[in-house]
Amino acid sequence: MQNRTARSQRPIRVLHVAAEIFPFVKTGGLADVVGSLPRALARSGCDLRLLLPGFAPILDALKNPRKIGEFGPLFGAGQIRLLQGTLDDSAIKVIVIDSPWLYRRSGGPYLDEQGHEWPDNLQRFALLGWVAAHLASGEFTPNWLADVIHAHDWHAALACCYLKAHPTIRARSVLTVHNLAYQGVFPVQDFSQLGLPRHYAEPFGELEFHGELSFMKGGLMSATHITTVSPSYAREITTPKFGCRMEGVLAQRADAMSGILNGIDTEVWNPSTDREIAARFSTDDLSGKRECKLALQSEFGLTPKADAPLIGVVSRLSAQKGLDLLRDALAQIVQSGMQLVLLGSGEPDIQADFRAAAAAHPKQIGVQIGYDEKLAHRIIAGADLIAVPSRFEPCGLTQLYGMRYGTLPLVRRVGGLADTVDAETGFSFIEPQTSLANTLQTALETYRNAPARWQAMMQAAMRRDFGWDTAARQYMALYSRLCERAAAP
Ligand code: ADP
């Protein structure tokens, strides 16, 4: 009872745990979310801290670092320090795990420069979860005990396991699934390194997954509550088609699962202030968008025609993103006089196919293989359509960025794409009712034959509010519910 009174007199304390944060370490939408959701939660009155691994760009950017803990050896690392500081002007306290042995190396956060998983990923991300649980226990910050640990994706999921395994820590846990296809799977022989109770690795145990260990499954089984980044994705992943072999686990947890749609950073993605693009524009004055389009056509060597419908793609080139469907529509795009600009990297086959198409039709197709945040802005601003034909899409951010810039999404009606794009703001398809080719044709006809309708759609899309406040309110309500339940006698 005393606990409950104490809690009700102060803001909820939430420790967010993640492996990526924009603009320092980013492989996808997770980084964008971690870069902006905490600020929205802090504005909503949440007392929030953020725990991150000490990748070089994060440690190097940490302002006013102060050591709050030192321990080791653990998970193969000799000495580990916890540093607390800030990363931006928001004053959100960021705790970084400084372990050069585990985190400071060239290459990506999960993969080496050749694209192979780091061989010590089990230790690297077990440490992240371990530290989160110890922070929640007050071990390093005795004056700040988390009420809720909010773990993002498999990288942080073990936090939920360590919390559940401890007999006395009262903190609740939320696991947000940003993409169920990535599950953090490791050999069962490595289990003894984790320091978790034996039964976690036994058949039907929290971590056991088809004879191996899965951090994602551990989190799904152990979290007090699971969220996904859109309501449709929350429903879809309980089915074999979208469940990535976790549908059985998720069915068991159906009562503790919900979808909260992602927002976007409306300051980073704002056509009326964006300094990365050729000209600024707004719903009241769209003339700058035409300049952005001509600049984009010129940058890619395409025919500079303001009335050639231009499709943009900014994407990882993985099977998930369905770009093979767009590749199959390239002949249609070329024959109908449309243009295409693609920025992305990933599977060599898809890269090669789009490169070959650009070589064959240099005035209509432009391709840039790689990762380029600024170019992403120029494409989103300059294109007429943004294509996101994903096979599955937990939320998807590029269609939201597109809408903010009056670039109409052309999407497959799945997951977050289904939840964010409607007939007033874009074009969508789902087989067998319609195909990408048919929908492309509909978009083309609307563009050519119904310019007033197109402009109305652009303005409707630009007026949609995809800021973080709605999501922040929903997360706050969830945290409150979980804390009330924890405090109930
Ligand atoms: P996912 O996380 O599955 O990759 P999302 O749509 O949720 O997909 O988020 C992707 C994020 O990564 C967006 O911010 C998008 O602009 C960005 N992005 C993807 N590929 C590239 C690229 N090649 N260059 C720049 N930004 C990219």
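The values are calculated or read from the model by the stated rules, or taken from the named source; none is laboratory data. The structure displayed is predicted, hence computed values, not measured ones. A quick note on method: Cβ atoms are made from the backbone with ideal geometry, for glycine too, and the neighbour counts reach across all protein chains shown. Just the protein is used for accessible areas: all its heavy atoms, side chains included, with ligands, DNA and RNA removed. Shrake-Rupley method; radii C 1.70, N 1.55, O 1.52, S 1.80 Å.
A few comments on the model shown:
- Selection within the range 341-366 - closer than 15 Å to residue 315 by Cβ and surrounded by 20 or more Cβ atoms within 10 Å (Cβ to Cβ): 341, 342, 343, 344, 350, 354, 366
- Hey, residue 248 more than 16 Å from the ligand (Cβ to nearest atom), at positive phi and either touching a Phe, Trp or Tyr at 6+ places or on another chain (Cβ under 8 Å) or not hydroxyl-bearing (Ser, Thr, Tyr) (or both) or not: no
- Considering (1) open to solvent by 10 Å² or more (accessible area, probe 1.4 Å); (2) modelled with pLDDT under 95, the lone condition that residue 112 does not fulfil carries the number (2).
- Scanning the range 176-212 for residues that are of a type outside the set (D, E, K, R), part of a helix (DSSP H, G or I) and open to solvent by 50 Å² or more (accessible area, probe 1.4 Å) returns 188, 189, 192, 193, 199.
- In this entry, residue 95 is excluded by the filter for residues that are buried (at least 17 other Cβ atoms within 10 Å of the Cβ), among the β-branched types (Val, Ile, Thr) and within 16 Å of the ligand (Cβ to nearest atom).
Here is a yes/no grid of residues against (1) small (Gly, Ala, Ser); (2) at positive phi; (3) part of a strand (DSSP E or B):
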| site | (1), (2), (3) |
| --- | --- |
| 51 | no, no, yes |
| 66 | no, no, yes |
| 81 | no, no, yes |
| 109 | no, no, no |
| 122 | no, no, no |
| 126 | yes, no, no |
| 129 | yes, no, no |
| 132 | yes, no, no |
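- Check on residue 332, open to solvent by 10 Å² or more (accessible area, probe 1.4 Å), within 16 Å of the ligand (Cβ to nearest atom), at pLDDT 95 or above and assigned to a helix (DSSP H, G or I): no
- Residues of the range 127-149 satisfying the condition of being of a type in the set (Gly, Ala, Ser) and under 12 Å from residue 68 (Cα atoms): 138
- Once the range 19-41 is narrowed to residues that are within 12 Å of the ligand (Cβ to nearest atom) and either in contact with a helix residue (DSSP H, G or I) (Cβ under 8 Å, 6 or more places away or on another chain) or free of Cβ contacts under 8 Å to residues at least 24 places away in the same chain (or both), the residue that is most open to solvent (accessible area, probe 1.4 Å) is 23.
- All positions within the range 83-107 that are outside any strand (DSSP E or B), among the hydrophobic types (A, V, I, L, M, F, W, C) and modelled with pLDDT of 95 or more: 87, 92, 101, 102
- With respect to the conditions (1) closer than 30 Å to residue 43 by Cα; (2) open to solvent by less than 20 Å² (accessible area, probe 1.4 Å); (3) over 26 Å from the mean Cα position of the chain (by Cα), residue 485 falls short on a single one, namely (2).
- Selection over the range 152-170 of residues that are in contact (Cβ under 8 Å) with a residue 60 or more places away in the chain and over 22 Å from residue 36 (Cα atoms) gives a count of 4.
- Among the criteria (1) at pLDDT below 95; (2) farther than 14 Å from residue 389 by Cα; (3) not basic (Lys, Arg), the one residue 319 does not fulfil is (2).
- Any hit, the range 401-424, residues being open to solvent by 20 Å² or more (accessible area, probe 1.4 Å), in a helix (DSSP H, G or I) and either of a type in the set (D, E, K, R) or more than 16 Å from the ligand (Cβ to nearest atom) (or both): yes
- Test: residue in the range 346-364 that is in contact with a Pro (Cβ under 8 Å, 6 or more places away or on another chain) and either on the phi > 0 side of the Ramachandran plot or away from the ligand (no atom under 11 Å from the Cβ) (or both): no
- Close Cβ contacts (under 6 Å, 6 or more residues apart or on different chains) running from residues in the range 182-204 that are under 15 Å from residue 130 (Cβ atoms) to residues that are at pLDDT 95 or above and acidic (Asp, Glu) comprise 200/206.
- Candidate set: the range 1-18, residues that are aliphatic (A, V, I, L, M) and modelled with pLDDT of 95 or more; chosen: the one nearest to the ligand (Cβ to nearest atom): 18
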